[in-house]
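Values quoted throughout were computed directly from the atomic coordinates according to the rules given, and no laboratory measurement underlies them. Values in this document were obtained by computation on a predicted structure and should not be read as measured data. Here Cβ is always computed from backbone atoms with ideal geometry, including for glycine, and neighbour counts include all displayed protein chains.
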Amino acid sequence: MLFRVALFLVIGSLAAAPRPALAQMFFSAKPDAPFTVGPLTVRATVTPALGPVDVSVLWSLDMPSGKSRGGIEQDLFLLWPGEISSPIDKKPNDKTLEQYVEQRGFAATGGGRLPLYALNLYAQGADAAPKLVGELPFVTFVQDSHALGLSPPASWIRIPWMPQMADRVFMMELRMRVAGIIKPKRVGWIESVFAGDRHELQLSFHEVRDRPVFPMYAEHRDRALRLADAPAELVAHFAQSDSLRIAEIYPPTSIRRLSETLETTEVVSLFLGATEGTVPQHLEVQFGYYSRLQGLLLVAIPLLLLAAGPALGPILGRAASRVIAGLTARIQWTPRGVGRSRHGGVLLGREVLERIKPGVTTVEEVLALCGPEVEEQQRLDDPDHRTLVYRGWRAEPMTRRLIGWLSIVQGWNIVSHEVRIEVERGVVKNVQAHVRRNRSARPEPPA
């Protein structure tokens, strides 16, 4: 009873986790099989149609040296967590496999037969083409639970024994069509319009955490075959690479290259390491195909921006400065509760003006007292007479506290000063000061 409760909790936690990528695992018919799997290649071919993906599993069996090969003949099984179909004409389902999964509480949802080919690694010419050597029965099944609901599909494939499996001259190739191996990836509408939709391809090996794979693995784990010390890899072929955009590849150790044998095909591959036990190894590729129009936009828009850069730069700069000026004119940060005033030009206070004495103060003394930032006016018919003009302004904000130290500016009180100092023969003759006050929505000097 305790074991059933623990198994239910484990399966429940796995079902609540994010669904892992599609996986593969080989099993032998007898425990302690004297061979391992390798070399191995799991290859998926992706096209812009983005429908069911053609998948090939190429493998052979590695026999330990020095051991007898007598009595090793036995059926193999491949567990594939996903819904598969056959690329050849539909054949009758295998009733024995259907009964096998139904006896374990699963529901059979489909089945058929998959083609199996043998490749002679040393053949040349026409003999190098894969030779059809058999058809493999398979069944697709699901698990229905009142507590966990309906599970994703999985497939159980029986591989009858053939002498080529243990012959290093040959590699076996299983071909099938897999649905759901490509998932849509959510992107923003701007990227979708200009660069196309994004999708995610997931391949893995020895991934058993999904329903109904875990119960099947738990029952047959004493017959699971591990990888040999031989080359093994997960491979994704992307056709029509001239309209392909690969955004991200995981893990970073994956290799991306152009195919040496297929035209306009890009290859992403991950080398699988031989490990003890069941260690999941994943390959994930985020990609998208774009149309001719989208490809043209991807090239044309940067070129247009580059060409229009000298013209757009000042326009954008002025627009940005106006936006910033508008915000600073309406919002202020007032930690002391008092808004920050603004000013410009030269503001001369009363104490400064009282120190300027007509008939006594010279031009040099005025410049030293008031500063050199002055406007000078002079008449051509009267060179001995000129006027020094000092202009300045100050804007005081009228603020209302919005929240905390943040205040909103309701308006600006603007005071403008103009001081005209008439000079004759280098000595001040007369001083006049004009003050104007007005209210404005922006802290700008009066016109």
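What is the set of long-range amide H partners of K429 at a cut-off below 5 Å, with H atoms built 1.01 Å from backbone N?
Residues meeting the amide H criterion: G359, E422, V423, E424.
Nearest 5 is fine: what % of DSSP beta bridges in the chain come out antiparallel, could you say?
Here the antiparallel bridges make up roughly 95 percent for the chain.
Using the C-alpha gyration tensor of region 82-217, what are the square roots of 5 times its eigenvalues, in whole angstrom, with the largest one first?
The answer is 31, 26, 13 Å, longest axis first.
Where nothing but the Cβ of Lys and Arg (+1) and of Asp and Glu (-1) is charged, how large is the charge dipole of the chain around its Cα centre, in debye to the nearest 20?
For this selection, approximately 1780 debye.
Which value at 222 nm does the chain reach when only helices count, each DSSP H run of 4 or more adding -39,500 (n - 2.57), with the total divided by all residues and rounded to the nearest 500 deg cm²/dmol?
Helices in the chain give a 222 nm mean residue ellipticity of -6500 deg cm²/dmol.
State the extension gain, in nm to one decimal, for the chain segment bounded by D54 and Y100, taking 0.36 nm per residue of separation less the distance between their alpha-carbons.
Stretched out fully, the D54 to Y100 stretch lengthens by 13.9 nm.
Looking at V409, V427, Y390, which one has the Cα that reaches farthest to the positive end of the dipole of region 334-440 (charges on Cβ: Lys, Arg +1; Asp, Glu -1)?
V409
Restricting to DSSP loop positions (anything but H, G, I, E, B) with no more than 11 other Cβ atoms inside 10 Å of their own Cβ, which chymotrypsin sites (Phe, Trp or Tyr not before Pro) remain in region 90-156?
Answer in residue order: Y122.
Using mean Cβ contacts within 10 Å as the protection proxy, how do 243-254, 45-56 order, highest first?
Peptide ranking by packing, descending: 45-56, 243-254.
Quick one: if you take sqrt(5λ) for each eigenvalue of the C-alpha gyration tensor of region 334-440, what semi-axes come out, biggest first, whole angstrom?
So the equivalent ellipsoid measures 38, 13, 10 Å along its semi-axes.
Could you state the number of Å between the C-alpha centres of region 376-441 and region 83-107?
94
Nothing charged except the Cβ atoms of Lys and Arg (+1) and of Asp and Glu (-1): what's the magnitude of the dipole of region 334-440 about its Cα centre? Round to the nearest 20 debye.
Rounded to the nearest 20 debye, it is 960 debye.
Give me the one-decimal nm value for the distance between modelled label points at L353 and R442, 7 Å along each residue's Cα-to-Cβ direction.
The answer from the label model is 2.9 nm.
Select from the chain the helices, each a whole stretch of DSSP H, whose alpha-carbon atoms run 30 Å or more along the helix axis and whose Kyte-Doolittle mean is at least -1.0; answer none if there are none.
292-330
Pairwise over distinct Cα atoms, reciprocal of the mean inverse distance: report the Kirkwood radius of region 163-303 in Å, one decimal place. Working shown, then result.
Details: mean 1/r = 0.0556 Å⁻¹.
With all distinct Cα pairs of region 163-303 included, I get 18.0 Å.
Pick out, from L262, V360, V178, the residue whose Cα sits farthest towards the positive end of the charge dipole of the chain, with +1 on the Cβ of Lys and Arg and -1 on the Cβ of Asp and Glu.
Result: V360.
The list [x] 31, 31, 23; [y] 86, 27, 19; [z] 33, 26, 19 gives values of semi-axes √(5λ) of the Cα gyration tensor in Å, and only one came from this structure; which label was calculated from it?
Matching entry in [x] 31, 31, 23; [y] 86, 27, 19; [z] 33, 26, 19: [y].
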